[in-house]
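Below is one structure, written out as structure tokens; the observations come after it.
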Amino acid sequence: MTSRLTRDVAEDLAQEVLLLLHEKYGHVHQLDELLPLSLQITRFKIQDFRRKTFRRGEYNPVPLEGIQVADTENNPGAEVERKQMLDRLMKAMDSLGDRCRRLFRWKLEGKRFAEIQALFGVQSINTIYTWDHRCRKELLKLLGGSWEGAR
């Protein structure tokens, strides 16, 4: 058993098998019945252990030294790109009509299309879907045809 598992795990499983044999199969005394029964229980215990470790993501652990951690320090280049994108977005938003600005504001507040329909007071929700599509299309056009900007 230790060739497939670590020594600690193998010892724990062996103890569980012995305990199970004692508690549940105490009536079995013949060696020709006891040995196959214990091997069967051991096989089931090992399968159960492997299934649990795989489900928990412990099956093939990666050592901490092998994990690359993202740099949490401020990246000046990324900060400048983010600021430029925000400036472009704000200018484009200012160029949109009032209906599109309100639509985007309500979407950013987390309102659903049915709620936005009620706020605008329109009969059909399809009207809101159409306005949303047109506003996003117009915003993309004002941003130069790309969400990422010129690179």
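The values are calculated or read from the model by the stated rules, or taken from the named source; none is laboratory data. Bear in mind that the values here come from a model prediction, so they are computed numbers and not experimental data. Heads up, the Cβs are rebuilt from the backbone with ideal geometry, glycines too, and the neighbour counts pull from every protein chain shown.
List of remarks:
- Residues (in a helix (DSSP H, G or I) and in contact (Cβ under 8 Å) with a residue 24 or more places away in the chain) located in segment 93-115: M93, S95, R99, C100, L103, F104, K107
- Residue match in segment 117-125 (condition: modelled with pLDDT of 90 or more, among the hydroxyl-bearing types (S, T, Y) and not in a loop (DSSP other than H, G, I, E, B)): no
- Residue among V17, V9 that is over 35 Å from the mean Cα position of the chain (by Cα), over 26 Å from S146 (Cα atoms) and surrounded by 11 or more Cβ atoms within 10 Å (Cβ to Cβ): V17
- Within segment 70-126, considering residues that are among the hydroxyl-bearing types (S, T, Y) and surrounded by fewer than 11 Cβ atoms within 10 Å (Cβ to Cβ), the one nearest to the chain's Cα centre (by Cα): T72
- Residue in segment 53-62 that is outside the structural domain of E11 (by TED's automatic domain parsing), part of a helix (DSSP H, G or I) and either β-branched (V, I, T) or more than 18 Å from L143 (Cβ to Cβ) (or both) present: no
- Residue check: T53 meets all listed conditions (1) more than 20 Å from D12 (Cβ to Cβ); (2) under 25 Å from the mean Cα position of the chain (by Cα) but one, namely (1).
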